[in-house]
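First the structure, in the form of structure tokens, and then the observations on it.
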Amino acid sequence: MTDTLRVALVGYGFMGAAHSQAWRTAPRVFDLPRAIDMSVIVGRNADAVAASAEKWGWRESATDWRDVVTRDDIDIVDIVTPGHSHDEIAIAALKAGKHVLCEKPLANSVADADRMVDAAHGSGSVAMLGFTYRRVPALSRARDLIAEGRIGTVQQVRAAYRQDWLVDPEAPLSWRLKKDEAGAGALGDIGGHAVDLVQFLTGQTIEKVSGVIETIVKERPVETERVGIAGKGGDEYGEVTVDDLAIFTGRLSGGALAAFEATRFATGRKNELTVEISGDKGAIAFNLEDMNVLRVYDRTADDLDQGFTRVIVTEPGHPYLEGWWPAGHLLGYEHAFSHQVKDLVEAIADGSAPAPTFDEGAQVQRVLEAVEKSSADDARWVAV
Ligand code: SOE
């Protein structure tokens, strides 16, 4: 391996844009132990991927990931394709000795996820999963506070990821609404974030679940053009094969009960991810729509002074803030992707395993699959 890490990005949709920006920005903002070369971006449509290469700053473009992941001049394969192709691409890249960054979900099924875990274990390479919200500074800070015991014993958890981009029944049948490509609907796409965050923040795993998933609009216009996440539809209709909405309960390994919601039908909620962890000494609360803020409650404070404190997580001492702006100058959605690149590059340089690992990704898939099983059996409790 050279001192420069040469990156291949497989995929060029919404996540392709986010990851490209991070590969470009992270080395400019953070003092990384290795230089980055944005070597090649891969996609099936030659013209479209060439245009993305030009726009986002990749040196070349290619149409076949199989050729690219075995190239001698590539060190890292970053996978941002839909979930159904993650296992094949990641396993081939790991076999070829490459480090892998894979967007969530790890895979569309537990079986595929387990094969990826096996490939990662035997590889000697770094394999990291892109549950990027862990690297929003306010959430990284929340994790530290909980680990330090600031809220005491976790007694109750609420996590809800709410969007509304499918409320319109004419919103087209994009790949995110097809089980064979996306694996699951709201449950897998955004419920997975909620599950990962609760496990990350509490340091506990979800051991059993009970829940219901539902598809509200069962047929939609077939997508004719991909634009953003919603796309454009035509006159032909096709079946929606994933859930629109999931509501479930989980029992954490420490004993607390957690309430989860993942929906694309929360009218008016564009991309609201809320997490609240309540303990016997205090609580933390976070809302992605106000993502620089962490609300912290201290039950040990004087009775007359109690209340949630609105902490603005932009101090240079807060996680990841050392590279950015003076205190109080806010960060946004894209910054966590640069933090992800920073942690990946540092882990490659020092030979450590960056979280989330593929094992953690497979565990999230187990939780999601258990929710599907529970829903199919009248919300019975299902062990993970
Ligand atoms: C679409 O629902 C989506 O882009 C998810 O796929 C992402 O993981 C989430 O960050 C935002 O919403």
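Where a number appears in this text, it was derived from the coordinates with a stated rule and is not lab data. Keep in mind that what you see is a predicted model, and the values were worked out from it rather than measured. Cβ sites come from the backbone with ideal geometry, for glycine too, and all protein chains shown count toward neighbours.
Per-structure values
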quantity	calculated
Given Lys178/Lys218; Lys98/Lys178; Lys95/Lys178, the pairs whose alpha carbons are separated by over 18 Å	Lys98/Lys178; Lys95/Lys178
Calculated FRET value between Asp377 and Lys218, using beta carbons and R₀ = 30 Å, to 0.05	0.90
Neighbour-count order for Val100, Val110, fewest beta carbons within 10 angstrom listed first	Val110, Val100
Share antiparallel - DSSP beta bridges, the chain, percent rounded to 5	60
Extended-chain gain in nm, criterion 0.36 nm per residue less alpha-carbon gap, Glu289 and Ala301	1.5 nm
For the chain, with +1 on Lys and Arg beta carbons and -1 on Asp and Glu, the positive-most of Ser20, Thr153, Thr63 along the dipole	Thr153
Per-residue [θ]222 nm for the chain (sum of -39500 (n - 2.57) over DSSP H runs n ≥ 4, rounded to 500)	-9000 deg cm²/dmol
Residue order, fewest to most beta carbons within 10 Å, for Arg299, Arg141	Arg299, Arg141
Span-rule helices in the chain, defined as complete DSSP H runs reaching 18 Å or more along the axis (Cα) with Kyte mean at least -1.0	14-29, 335-350, 358-376
Protection proxy ranking of 243-249, 206-212 - average other beta-carbon atoms within 10 Å, highest first	243-249, 206-212
Computed Rg/Rh of the range 83-136, alpha carbon atoms with Kirkwood Rh	0.96
Those lysines that a straight Cα-Cα span of less than 22 Å connects to Lys208, excepting residues fewer than 8 apart in one chain	Lys104, Lys373
Under the Karplus curve 6.51 cos²θ - 1.76 cosθ + 1.60, θ = phi - 60°, whole-Hz ³J(HN,Hα) for the range 272-277, x wherever Gly or Pro sits	9, 10, 10, 9, 9, 10
³J(HN,Hα) computed for each position of the range 171-182 - Karplus, 6.51 cos²θ - 1.76 cosθ + 1.60, integer Hz, glycine/proline x	4, x, 7, 8, 4, 5, 9, 10, 4, 5, 9, 8
Protection-proxy order for peptides 267-278, 72-83, each taking the mean of Cβ atoms within 10 Å per residue, highest first	72-83, 267-278
Ranked packing of 320-328, 304-312, 197-205, 115-123, most packed first, by mean Cβ within 10 Å	197-205, 115-123, 320-328, 304-312
Cα gyration tensor shape of the range 95-252, rounded if a/c is under 1.5, else prolate or oblate by comparing a/b with b/c	oblate
Directionally averaged projected area (convex hull, Cα atoms, the range 1-118), nm²	7.0
Euclidean distance of C-alpha centroids, the range 202-244 and the range 126-163, integer Å	26
Aspartates and glutamates with Cα under 19 Å of Lys55, excluding same-chain neighbours fewer than 8 positions away	Asp37, Asp47, Asp78, Glu334
Per-q log10 I(q)/I(0), the range 304-346, q = 0.24, 0.25, 0.28 Å⁻¹ (Debye; single scatterer per alpha-carbon; no solvent)	-0.87, -0.91, -1.04
Cα gyration tensor, the chain - rounded (a/c under 1.5), prolate or oblate	oblate
Neighbour-count ranking [beta-carbon atoms within 10 angstrom, fewest first] of Lys232, Lys104	Lys232, Lys104
Residues whose placed amide H lies under 5 Å from that of Ser61, excluding near-sequence neighbours	Ile41
